[in-house]
Each structure stands twice: as C-alpha cells, then as structure tokens.
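Trainee: Take a look at the following structure, please.
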Amino acid sequence: MSTKNPEKLYTIKEIPYKGLGFIAARKINKGERILSEAPLIRVPRSTVSKTQVQKSISRGVAALSEDERQSFFALHNAFKDKETRELGIVHTNALPFGSNASAGGIFVEASRINHACLQNSQNTWNEDLQQLTIHAFREIEEGEEITIFYLHNRTNYSARRQALQQRFRFTCSCQLCSMPPPQRAVSDAKLDEIQRLDESIGDGARMIFSSLNALHDVHKLLQLCEEEGLEDASVPRAYYDAFQIAIYNGDEARARVFADRARTSRAILEGRDSPTVRKMNDLARDPTKHSSYGSSSRWRTSTEDIPSGLPSEGFDTWLWKEKNKTPSRNQTIGGTPYANLRNDATFPSFDALPEENGLDLRFFESDDGYSYHPRKHWCFLAEIVGIEMFMRLRLDIEDKTKQKTSVLFYTEDRGRELRPSTLKEGYTVAIIYPEQHGFLDMTVGIRHENRSLLKVLPVTLNNLFKLSDKTCQTLAWNEKGHKADCKLLKDPDLRMLLLLEEEGFDQPHHFSAL
Ligand SMILES: C[S@@+](CC[C@H](N)C(=O)[O-])C[C@H]1O[C@@H](n2cnc3c(N)ncnc32)[C@H](O)[C@@H]1O
C-alpha cells in the first residue's frame with residue numbers, strides 16, 4: 001500500500017519489519033511543520049476506569065462518519081487479545097495530548113508514524129489549534145523515515161526494549177537499538193547519566209538550597225544531550241529548569257538568556273504558534289514575570305549585566321557560572337611559583353564563597369568532628385563600583401564574573417579606618433576568608449568585621465589579573481609604562497596574595513597595612 005499526496009511533506013509507505021510508516025517526500029528542514037491534524041476520536045487515559053475508557057471509545061467510534069470509521073478500523077492493531085477490536089486499536093495508536101496529559105487521541109495519519117529511540121521529529125498537542133503537530137527537529141533527507149519517540153523516559157537499551165515490548169508489543173529495530181554492543185554500552189552510560197541528572201534537577205529542594213550544583217547539572221545534561229544527538233523536548237525543558245534556578249535567585253541576566261534559549265528550542269519542536277512558546281516569549285521579554293522571582297536575591301543581576309563581546313566559551317563560563325579553567329599557579333621570573341589571581345580555588349568568585357551559616361567542606365575541616373577550621377586560604381577580589389558612607393562604609397563591588405555585591409563595614413570604626421584617598425571606584429578590594437552573609441534587608445553580601453582582613457589595592461581588577469600573568473609580569477618589571485605596577489608588586493601584602501598556598505592551612509594570614 002502507498003498513498004502519496006503531492007502537497008504533503010511525507011508519503012505513507014510499507015517499511016520493512018515495521019508495517020506502514022512516514023517517509024519524507026522531500027528534504028525537510030529543522031523546525032519545519034510536517035503535519036497538523038485533529039483527532040479522529042479522543043480517548044481518556046489511565047486515570048479513569050477500564051469500563052469508562054471502553055464506553056468513551058465506543059461512543060467516539062459510533063459518532064464517526066462511514067469513511068472515518070473505515071480509517072479507524074484500518075489502523076494497526078497490536079493487541080488482538082484485548083476485549084474489543086476498538087480497544088486494541090486505541091492501545092496501539094493513541095498519541096498523548098501533552099507529556100503529562102490525562103487524554104490522548106487517535107489520528108488517521110499521525111498514528112502511522114513509527115517510533116525510533118533517536119527520533120527526528122516531535123509530536124505535540126497544540127491546545128490553541130486543538131490539533132497534534134509534528135515538527136522535524138533536525139534536517140530530514142528525502143526518503144528518510146520520519147519518526148517520533150513513543151516512551152515517556154529516555155532509558156538505556158534494555159529498559160527501553162522492555163518498555164516497548166510491554167507497552168507497544170514490538171522489538172525496536174531502530175538505528176540506536178541496532179548498534180554493536182560496545183557502542184551501545186557507551187550510549188547507555190550517557191543515557192543513564194542523563195536520567196540521573198534529570199531526576200536530580202527535578203528535586204525542588206536541591207534547586208533552592210543547592211542552586212549552583214543544580215545549574216551545573218542542567219549544563220551537564222545539555223552537554224550529554226548534544227553528544228547523544230538528542231534535540232528533543234529535553235533541551236527546552238532543561239533550559240527552562242535553568243531559567244527557574246536563575247530567576248529564583250534574582251538573576252535576571254541569566255534568566256533572560258535561558259528563557260530565550262528555551263523559547264527558541266521549543267519553537268523548533270512546536271512552532272511559533274505553540275501556547276508554551278508564547279509563554280516563554282513573555283518570560284524572555286520580562287523574566288521578572290515568573291512567580292518565583294524575588295524569592296532570593298543571592299545572584300541578583302539585571303538584564304543589562306548580560307556580557308557582550310565575549311567569545312562563546314567565555315560567555316558559557318559566565319552563563320553556567322562555571323569555574324574558569326585557569327591553572328592555579330604560574331612561574332615568576334625567578335622560578336618561584338606564585339598564585340594566578342584568576343584561579344577559582346584560591347580566589348573564588350562571590351557565588352563560590354562559603355555561606356556563613358552553612359558548613360562548606362570545600363573551605364572548612366574538622367579534626368574532632370565538633371570544631372571546624374579553614375582547610376585552606378582563600379581571598380575574594382572585586383572591583384569597587386560604588387562607595388557610600390552612611391552610618392557605616394558600604395562598598396559596591398563587582399567580581400571577575402561580573403557579579404555585583406556589597407561589602408558592609410562592621411569594624412570598630414565602621415570603615416573610617418580606611419583613608420578616603422585610598423578609596424576610589426576602579427580600585428580592587430581584596431578580602432581574606434570572607435563568607436556570604438544574608439543581611440536583614442534580604443540582600444546577600446559580605447559583612448566585614450576584622451580590619452586586617454581587607455585591603456584596597458590601587459589597581460583595577462583586570463590590571464591586577466594581568467599583573468599575575470607571566471608575560472605581563474615580565475613587562476611589569478621591564479617596561480617603562482609599568483612603573484606603577486612595579487611599585488605595587490613591591491607591596492608585601494600583594495606578594496602575600498601571590499604566594500597564597502593552594503592547599504593546607506597553618507595560621508591565618510593578615511594584611512600588614514590598610
Ligand atoms: C502507532 S503504530 C505505527 C504505524 C504502524 N507501523 C502501522 O503499520 O500502522 C505502532 C506500531 O508500529 C510498529 N512499530 C513502530 N515503531 C517501530 C519500530 N521502531 N520497530 C518496529 N516496529 C515498530 C509496531 O508494530 C507498533 O505496534
């Protein structure tokens with residue numbers, strides 16, 4: 001049997017070992033709508049009783065025209081042992097109205113699309129159109145089979161095989177299932193990891209209390225999806241998860257980027273007229289419309305903080321709040337290793353600082369299980385972007401990841417210990433052993449109490465970094481224009497920073513001069 005309609009993007013043809021299936025009638029582009037179809041009958045899903053389902057199906061079939069009835073009974077029936085033929089056809093062919101929908105439908109055409117474990121198209125119920133849409137999410141060559149994914153979860157080979165046999169009564173003969181076992185094992189390991197990450201991202205409490213780890217899990221999941229060639233609904237869902245993590249923490253900049261990526265990837269799968277895409281459009285325009293915005297201001301940014309002009313790797317490091325891969329030590333001219341001030345282990349960004357009331361084992365350790373002491377030295381570096389003196393000194397600062405925060409002076413002199421001439425926007429503050437502090441006004445910053453743990457260096461953050469860079473270090477010693485830097489390098493406090501040990505902790509360091 002073969003039906004060909006010239007204006008259609010597909011023909012329905014016999015396919016070896018699969019019965020009928022969809023074959024691309026021409027090259028189909030990524031994001032192109034292959035089909036939009038109303039259901040022949042609607043069927044309630046598992047939530048209602050078997051008798052109710054049976055009655056509802058019989059009513060639906062009875063209401064069909066003669067032609068429609070013929071189409072219905074022509075559909076494949078893999079469950080000939082069911083109580084009625086109608087029920088067998090419904091079990092074989094129903095497509096859900098959404099991933100968690102309690103209903104589905106039987107379609108004259110779409111019910112002919114076969115399954116593949118690495119499918120090339122997405123089926124979606126469009127609530128506005130009241131139709132099922134099929135979109136290609138990657139380029140499909142003329143003559144290639146158009147496939148969708150029948151299962152809810154993406155699992156390894158044996159779990160998939162079992163689920164397809166149980167639920168649909170067929171042994172999948174798709175490309176992924178036909179891979180040689182050693183290659184399949186590699187793919188299985190990735191799929192298992194994707195599933196593990198998916199479950200852990202879905203844990204709401206972790207998203208709130210361990211936001212950074214949850215965000216890193218989303219990034220890992222997306223990287224694995226890319227490696228596996230999975231461009232299905234997992235992609236927009238992951239970007240939406242990242243959006244929720246960012247907006248929960250008041251991070252409008254990242255939330256906007258994630259919302260934008262969620263809407264772009266979803267539009268490929270569902271078309272621009274999808275109600276979900278429209279909702280994502282609104283959130284990308286104004287991320288603060290999301291109900292959890294303002295729950296925390298830990299990562300607070302505005303949409304103006306989206307960095308521009310960064311190469312894509314640098315942008316990704318910013319977006320996913322990843323550590324940069326800078327080695328922790330360089331060589332000095334004399335051969336003494338000294339700290340690279342860009343390294344995250346000794347010079348963490350604000351987000352990576354320990355939280356005051358949490359016990360962060362990256363920074364603290366215990367010998368007896370009761371009392372904890374620092375396990376290493378760390379120093380926070382950030383550039384001054386605002387200075388305010390009202391009751392106490394407040395410095396607004398920006399760290400190397402462009403994260404803005406504030407340091408409030410709770411020293412005896414409330415900040416007056418610093419001479420006004422040493423305070424300037426563009427200078428860098430160095431604070432040893434700081435922690436993130438939640439202030440009463442719900443903002444998070446640094447509460448600075450011990451005057452000998454903070455120093456303002458008369459240099460921009462960028463120039464300070466350059467100074468710890470081998471080439472610039474050489475220049476700093478040899479070239480004329482670097483005189484000021486040379487002077488700075490003679491400051492014993494800066495040299496102390498450059499020589500901060502990476503590991504181990506004997507005694508706390510202090511700055512010798514303010
Ligand atoms: C919804 S129907 C799809 C259309 C069907 N091939 C037909 O002839 O009407 C589902 C049935 O198609 C077959 N099928 C779908 N995907 C398959 C696959 N990857 N490998 C083998 N058979 C498949 C199975 O018989 C399954 O029960």
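The values are calculated or read from the model by the stated rules, or taken from the named source; none is laboratory data. What you are looking at is a predicted structure, and each value in this text was computed from that prediction instead of being measured. All Cβ positions, glycine included, derive from the backbone under ideal geometry; neighbour counts span all protein chains shown.
Trainee: Whether any residue in the range 149-167 is part of a helix (DSSP H, G or I), in contact (Cβ under 8 Å) with a residue 60 or more places away in the chain, over 26 Å from residue 49 (Cβ atoms) and within 11 Å of the ligand (Cβ to nearest atom) is what I want to check.
Mentor: First, the residues of the range 149-167 that are part of a helix (DSSP H, G or I): 157-167.
The next check asks that each one be in contact (Cβ under 8 Å) with a residue 60 or more places away in the chain; those that pass are none.
No.
Trainee: Considering 251, 273, which residue is more than 15 Å from residue 137 (Cβ to Cβ) and in contact (Cβ under 8 Å) with a residue 60 or more places away in the chain?
Mentor: Just one listed residue meets the conditions, 273.
Trainee: Further question on the same structure: Tally the residues that are surrounded by fewer than 14 Cβ atoms within 10 Å (Cβ to Cβ), among the hydroxyl-bearing types (Ser, Thr, Tyr) and in contact (Cβ under 8 Å) with a residue 12 or more places away in the chain, restricting the search to the range 412-452.
Mentor: So the count comes out to 1.
Trainee: Given the residues 201, 134, which is the only one that is away from the ligand (no atom under 11 Å from the Cβ), at pLDDT below 95 and among the hydrophobic types (A, V, I, L, M, F, W, C)?
Mentor: The conditions single out 201.
Trainee: Among the residues of the range 235-249, are any of a type in the set (Gly, Ala, Ser), surrounded by fewer than 23 Cβ atoms within 10 Å (Cβ to Cβ) and not in a strand (DSSP E or B)?
Mentor: No, every residue in the range 235-249 fails to be of a type in the set (Gly, Ala, Ser), surrounded by fewer than 23 Cβ atoms within 10 Å (Cβ to Cβ) and not in a strand (DSSP E or B).
Trainee: Being at pLDDT 95 or above, closer than 24 Å to residue 494 by Cβ, over 31 Å from the mean Cα position of the chain (by Cα) and buried (at least 18 other Cβ atoms within 10 Å of the Cβ) narrows it down to one residue among 409, 380; which is it?
Mentor: Residue meeting the stated conditions: 409.
Trainee: Do we find that residue 293 is within 25 Å of residue 235 (Cα to Cα), buried (at least 18 other Cβ atoms within 10 Å of the Cβ) and modelled with pLDDT under 95 in this structure?
Mentor: So residue 293 fits the description; yes.
Trainee: Pick out the one residue from 111, 187 that is modelled with pLDDT of 95 or more and part of a helix (DSSP H, G or I).
Mentor: 111
Trainee: Next up: Which pairs do you get when a residue that is under 15 Å from residue 76 (Cβ atoms), found in the range 7-19, comes within reach of a residue that is of a type in the set (Gly, Ala, Ser) and more than 10 Å from the ligand (Cβ to nearest atom), reach meaning Cβ atoms under 7 angstrom, with the pair 6+ apart or on two chains?
Mentor: 13/2
Trainee: Here is a check on your reading of the model: is residue 126 over 30 Å from residue 187 (Cβ atoms) and in contact with a strand residue (DSSP E or B) (Cβ under 9 Å, 6 or more places away or on another chain)?
Mentor: yes
Trainee: Can you name the residue in the range 1-36 that is within 16 Å of the ligand (Cβ to nearest atom) and outside any strand (DSSP E or B) and is also modelled with the lowest pLDDT among such residues?
Mentor: 1
Trainee: Of all the residues that make up the range 78-121, how many are under 19 Å from residue 276 (Cβ atoms), more than 14 Å from the ligand (Cβ to nearest atom) and surrounded by fewer than 21 Cβ atoms within 10 Å (Cβ to Cβ)?
Mentor: 6
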